[in-house]
1. For the stretch 165-193, name all the residues that are in a helix (DSSP H, G or I), of a type in the set (A, V, I, L, M, F, W, C) and closer than 17 Å to His53 by Cβ.
2. When residues of the stretch 194-234 are filtered for being among the acidic types (Asp, Glu) and part of a helix (DSSP H, G or I), how many remain?
3. Go through the stretch 85-112 and give me each residue that's among the charged types (D, E, K, R) and not in a loop (DSSP other than H, G, I, E, B).
4. Only one of Glu183, Glu199 is of a type in the set (D, E, K, R), touching a Lys or Arg at 6+ places or on another chain (Cβ under 8 Å) and touching a residue at least 60 places away in the same chain (Cβ under 8 Å). Can you tell me which?
5. Can you pull out the residues in the stretch 238-262 that are closer than 12 Å to Asp137 by Cβ and in contact with a strand residue (DSSP E or B) (Cβ under 8 Å, 6 or more places away or on another chain)?
6. Filter the stretch 231-240 down to the residues that are within 21 Å of the chain's Cα centre (by Cα) and of a type outside the set (Gly, Ala, Ser), then identify the one that is surrounded by the fewest Cβ atoms within 10 Å (Cβ to Cβ).
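The values are calculated or read from the model by the stated rules, or taken from the named source; none is laboratory data. Nothing here was measured: the structure is a model prediction, and the numbers come from that model. A quick note on method: Cβ atoms are made from the backbone with ideal geometry, for glycine too, and the neighbour counts reach across all protein chains shown.
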Amino acid sequence: MSNEKKPNSAERDSEYAKRRREFRDAKAARAAPEPGSRGRGQPPESIHLYGLHTVRAAMENPSRTIRKMLVTRNALARMEIEDPQSLPFPVEMVSPQDIDKLLPPDSIHQGVLIEAKPLRLRKVAELKDATVVLVLDQITDPHNVGAIMRSAVAFGASAIITTLRHSPHESGVLAKSASGAFEMIPYLQVGNLAEAIEELNHLGFTTIGLDSAGPERLEDSLTGEKIALVLGAEGKGLRQKTANTVSVLARLDMPGAIKSLNVSNAAAISLYAARKHLDT
């Protein structure tokens, strides 16, 4: 009879979650690069943005340089562009299949794509007049980050700070997930997140790390006139160095049976609480 210990259900669940993360990360690494990509850690020379809301927001962003547009007649009508030749960039009428060829499979482009320059990289020092900032600690899923961007814009956050590695770079997938919000809020990527948090501390921010085991309730930790909310990836949470660098660790109290939330939902609730604090 074997004496080998069999894994319990919690260990099996943990191993399954680990394998799912590894598969997702490997799939992301195999994804098609943006046009003009210059390698890891370097922003591409140009990116493809697609979808009606995404493209319209890019067109309305004075900081965005658009090089050309590919669009179907139907999409042009839906965007209410009567004279495409009046636009300050070349416009090419194409079929949906022509756009399909330029994007990863299953991309929902709604008949319009633009080739554009990435936005200017910002620095943490530029946030000295900000009041609410979100800091994301290695949140890898662009759909989660896109949803967080929408909430950040809705609640008037000044910027989102994330890491250069293990975080989505500016791309069509991220912009589409944000549904236009990417053009409305600065997206900073830093090499050392702990140093960025320390810089926020020096700029007068109360940096609050969201942790389910935090000693304080979020509502009780909101002090001062400048708030930086720091969120970690689902499952992993905040890294130890990040947790050691923030001003305070705080939790979202949840009286129900479920004690954890999707990170984008947690971000929205935290932003609401921060905005309520600042407005009172």
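1. Listed by number, the residues that qualify are Val173, Leu174, Ala175, Ala178, Ala181, Phe182, Met184.
2. Filtering the stretch 194-234 for residues among the acidic types (Asp, Glu) gives 195, 198-199, 211, 216, 219-220, 225, 234.
Then keep just the ones that are part of a helix (DSSP H, G or I); that gives 195, 198-199, 219-220.
Summing the residues that are among the acidic types (Asp, Glu) and part of a helix (DSSP H, G or I) in the stretch 194-234 gives 5.
3. Taking the stretch 85-112 and keeping what is among the charged types (D, E, K, R), we get 92, 98, 100-101, 106.
Once the filter is applied, which keeps residues that are among the charged types (D, E, K, R) and not in a loop (DSSP other than H, G, I, E, B), the stretch 85-112 yields Glu92, Asp98, Asp100.
4. Selected residue: Glu183, the only one of Glu183, Glu199 that is of a type in the set (D, E, K, R), touching a Lys or Arg at 6+ places or on another chain (Cβ under 8 Å) and touching a residue at least 60 places away in the same chain (Cβ under 8 Å).
5. Leu238, Arg239, Thr242, Ala243, Thr245, Val246
6. Looking only at the stretch 231-240, we keep the residues that are within 21 Å of the chain's Cα centre (by Cα), and these are 231-239.
This time we only want the ones that are of a type outside the set (Gly, Ala, Ser), so: 231, 234, 236, 238-239.
Details: Leu231: 25, Glu234: 18, Lys236: 13, Leu238: 23, Arg239: 16.
So the residue we want is Lys236.
To keep it simple, each residue is scored yes or no on (1) of a type outside the set (Lys, Arg); (2) surrounded by 21 or more Cβ atoms within 10 Å (Cβ to Cβ).
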| position | (1), (2) |
| --- | --- |
| Asn192 | yes, no |
| Phe205 | yes, yes |
| Ile208 | yes, yes |
| Pro215 | yes, no |
| Ser221 | yes, yes |
| Glu225 | yes, no |
| Arg251 | no, no |
| Lys259 | no, no |
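Let's see how each residue does on (1) at pLDDT 90 or above; (2) surrounded by 13 or more Cβ atoms within 10 Å (Cβ to Cβ); (3) outside the structural domain of Glu183 (by TED's automatic domain parsing):
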residue	(1), (2), (3)
Ala26	no, no, yes
Ser37	no, yes, yes
Leu52	yes, yes, yes
Pro62	yes, no, yes
Asn74	yes, no, yes
Phe89	yes, yes, yes
